[in-house]
Amino acid sequence: FDFDLVVRDGTVVTSFDCFSADIGVKDGVITAIGRNLRRGREELSAEHQLVIPGGLDPHCHIEEVAESGSVQEETFETGSKAALAGGTTSLICFKPQWRGHSIKSSAPDYLERASRALADYSFHQIITDPSPEVLDQEIPTLLALGVRSLKVFLTYDPLRLSDGQFISVLSKAKQLGMMVTVHCENYDAIEWLQNALLAAGKTAPVYHAWARPVVVEREAAHRAISLAELVGQPIQVFHVSAGAVADEIERARKRGSKVWGETCMHYLTHTIADLEKPHFEGAKVVCSPALRDEGEADRLWAAISRGTLNVISSDHCGFSFAKAKRDPGSSAYGQGTALLNDDGTPAFNSIPNGVPGIETRMTVLFNEAVTKGRLDLPAFVRLTSTNAAHLFGLKGRKGDIIPGADADLVIWDPTREKTINVSDMHQAIDYTPWEGYSAKGWPTTTIRRGEVVVRDNQILAKAGTGKLLPRA
Ligand code: URP
Ligand code: ZN
Ligand code: ZN
């Protein structure tokens, strides 16, 4: 046989084109794209379906271990099963640093945990404590692990950096040629608003958004961009939730700054009204930055069309609803001391921040962007995989259908309609914000490095078959 696998007669969607072709795979790599390819040992028909690159989700919080020993429920095994089932074959997750600890002594079993993944994976290294030892000795050794990006937070109690610390991280990254990703919110502004709300007895989930209005994010994005400009270091602004924040990025790009913007699926489909749901249901969509008013999503779509926001990630962050209800303040992603309401539910500032979306990201975006006619197919591919691959050192290996790239392919049925239901899903988290959402366009087969790993929502791969990705 000339090929180990041939995916035949599909409409191939690359980052810049669509055409009908066969794809030939040998040793896990795409070796031919063309008509009437010779036979493969294994043959798959993609007739009447699309063939797209496997998704790259560059922002997922999986199995992060806190200094207290508490671990996020989504494990590398469950999280990557969920990813593969949803058409995502590569993940960039977050390697923790605990404040007051070296990188090495923070979550020392993290790489071992990650080795259970079924999807290919890499990390952003979180920096919470840029001591001279961390900056000068530990960060340079990350390059050998293929870790070429750092993550910093400008808010959250246990994670936030001062401007001075942020500058020291930017400057080290510049010296080493790493990317820096930034969570932009003004800690002190949130603290001021939050204290006023709590003092007035405003504790329901929706006040989480009141405590973090757009200006809090816009100010921090502007500051992060300005400090990055000062140092001359490229950054990616994480999870942009509002048009005014995208505008800051756009202005900086027009000045010639190397600034990129990411948004996440939930900012395009959910609003502050979802936080107002009764019976603590609003807690399911507590995330930072917060959900915004109706109309904000249109500004995000406009920024996506202009290319200002060029990556759509999940920011998958796992806390089951059942757990969040009775276990306040157990997450690093929160601010202030844990307070309880009379019924035992946590006040808004003690609800762990984050929403699960790793499994639904591709189908919800396909429905919103392609089925509804907002974007064309190559744009969908760029937003779900190619652009992140370019930004994070995986160009040529991940994120596109080109000869020499890993054969991460998804056979995608653009006409299939199905309603999202958490009971069909593989994630460990017990709910999805898209419960009952009807999407047109679903993955039918997921192929990772030439191997069929999901067929009709059934996981065929074994735990531990994902590979740690070296990044250029
Ligand atoms: O609310 C969020 N986004 N939780 C996950 C952690 C982060 O800030 O990205
Ligand atoms: Zn964040
Ligand atoms: Zn995040």
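Based on what the data block shows, is Gln97 among the polar types (S, T, N, Q), away from ligand 1 (no atom under 14 Å from the Cβ), in contact (Cβ under 8 Å) with a residue 12 or more places away in the chain and in contact with a helix residue (DSSP H, G or I) (Cβ under 6 Å, 6 or more places away or on another chain)?
It is false that Gln97 is among the polar types (S, T, N, Q), away from ligand 1 (no atom under 14 Å from the Cβ), in contact (Cβ under 8 Å) with a residue 12 or more places away in the chain and in contact with a helix residue (DSSP H, G or I) (Cβ under 6 Å, 6 or more places away or on another chain).
Quick one: which of Leu111, Leu91, Leu118, Leu84 is in a loop (DSSP other than H, G, I, E, B) and either more than 16 Å from ligand 2 (Cβ to nearest atom) or in contact with a strand residue (DSSP E or B) (Cβ under 8 Å, 6 or more places away or on another chain) (or both)?
Going through Leu111, Leu91, Leu118, Leu84 in turn, the sole match is Leu118.
Check Val286 against each of (1) modelled with pLDDT of 95 or more; (2) away from ligand 3 (no atom under 16 Å from the Cβ); (3) more than 29 Å from Thr386 (Cβ to Cβ) and name the one condition it does not meet.
(2)
What are the residues in the stretch 1-50 that are in contact with a helix residue (DSSP H, G or I) (Cβ under 8 Å, 6 or more places away or on another chain) and acidic (Asp, Glu), if any?
Within the stretch 1-50, just Asp17 meets the criteria.
Restricting to the stretch 161-217, name every residue that is under 24 Å from the mean Cα position of the chain (by Cα) and small (Gly, Ala, Ser).
Those that are under 24 Å from the mean Cα position of the chain (by Cα) and small (Gly, Ala, Ser): Ala173, Gly177, Ala209, Ala211.
Say whether the condition of being in contact with a helix residue (DSSP H, G or I) (Cβ under 8 Å, 6 or more places away or on another chain), within 16 Å of ligand 3 (Cβ to nearest atom) and over 26 Å from Val71 (Cα atoms) is met by at least one residue in the stretch 317-339.
No, every residue in the stretch 317-339 fails to be in contact with a helix residue (DSSP H, G or I) (Cβ under 8 Å, 6 or more places away or on another chain), within 16 Å of ligand 3 (Cβ to nearest atom) and over 26 Å from Val71 (Cα atoms).
Does Asn349 satisfy being crowded, with 21+ Cβ neighbours inside 10 Å, outside any loop (DSSP other than H, G, I, E, B) and either among the hydroxyl-bearing types (Ser, Thr, Tyr) or modelled with pLDDT under 95 (or both)?
yes
Are any residues in the stretch 300-335 part of a loop (DSSP other than H, G, I, E, B), of a type outside the set (Gly, Ala, Ser) and either more than 19 Å from Leu391 (Cβ to Cβ) or more than 15 Å from ligand 1 (Cβ to nearest atom) (or both), and if so, which ones?
Result: Thr308, Phe319, Asp327, Pro328, Tyr333, Gln335.
Given (1) over 21 Å from Cys93 (Cβ atoms); (2) out of contact with any helix residue (DSSP H, G or I) (no Cβ under 7 Å at 6 or more places or on another chain), where does Leu394 come up short, assuming only one miss?
(1)
Rundown of residues vs (1) within 12 Å of ligand 1 (Cβ to nearest atom); (2) touching a residue at least 40 places away in the same chain (Cβ under 8 Å); (3) basic (Lys, Arg), yes/no style:
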{"residue": "Arg292", "(1), (2), (3)": "no, yes, yes"}
{"residue": "Glu296", "(1), (2), (3)": "no, yes, no"}
{"residue": "Thr337", "(1), (2), (3)": "no, no, no"}
{"residue": "Phe348", "(1), (2), (3)": "no, yes, no"}
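Do you know which of the residues in the stretch 12-69 that are polar (S, T, N, Q), part of a loop (DSSP other than H, G, I, E, B) and under 26 Å from Ser122 (Cα atoms) is modelled with the lowest pLDDT?
Ranking the qualifying residues of the stretch 12-69, first place goes to Ser68.
Go through the residues of the stretch 220-227 one by one and say whether even a single one is over 19 Å from Met179 (Cβ atoms) and away from ligand 3 (no atom under 16 Å from the Cβ).
Yes: one or more hits.
When you scan the stretch 240-289, how many residues do you find that are within 16 Å of ligand 2 (Cβ to nearest atom) and in contact with a His (Cβ under 7 Å, 6 or more places away or on another chain)?
Total meeting the criteria: 7.
Run down Gln236, Gln175 and say which single residue is within 25 Å of Gly334 (Cα to Cα) and either of a type in the set (S, T, N, Q) or modelled with pLDDT under 95 (or both).
After ruling out the rest, the residue left standing is Gln236.
In the stretch 32-50, which residue that is touching a Phe, Trp or Tyr at 6+ places or on another chain (Cβ under 7 Å) and under 13 Å from Leu409 (Cα atoms) is farthest from ligand 3 (Cβ to nearest atom)?
Gln49
Residue by residue through the stretch 181-203, note down the ones that are crowded, with 19+ Cβ neighbours inside 10 Å and either without any contact (Cβ under 8 Å) to a residue 24 or more places away in the chain or among the acidic types (Asp, Glu) (or both).
Glu185
The values are calculated or read from the model by the stated rules, or taken from the named source; none is laboratory data. Note that this is a predicted model, so its numbers are computed, not measured. Here the Cβ is made from the backbone with ideal geometry for all residues, glycine too, and neighbour counts use every protein chain on show.
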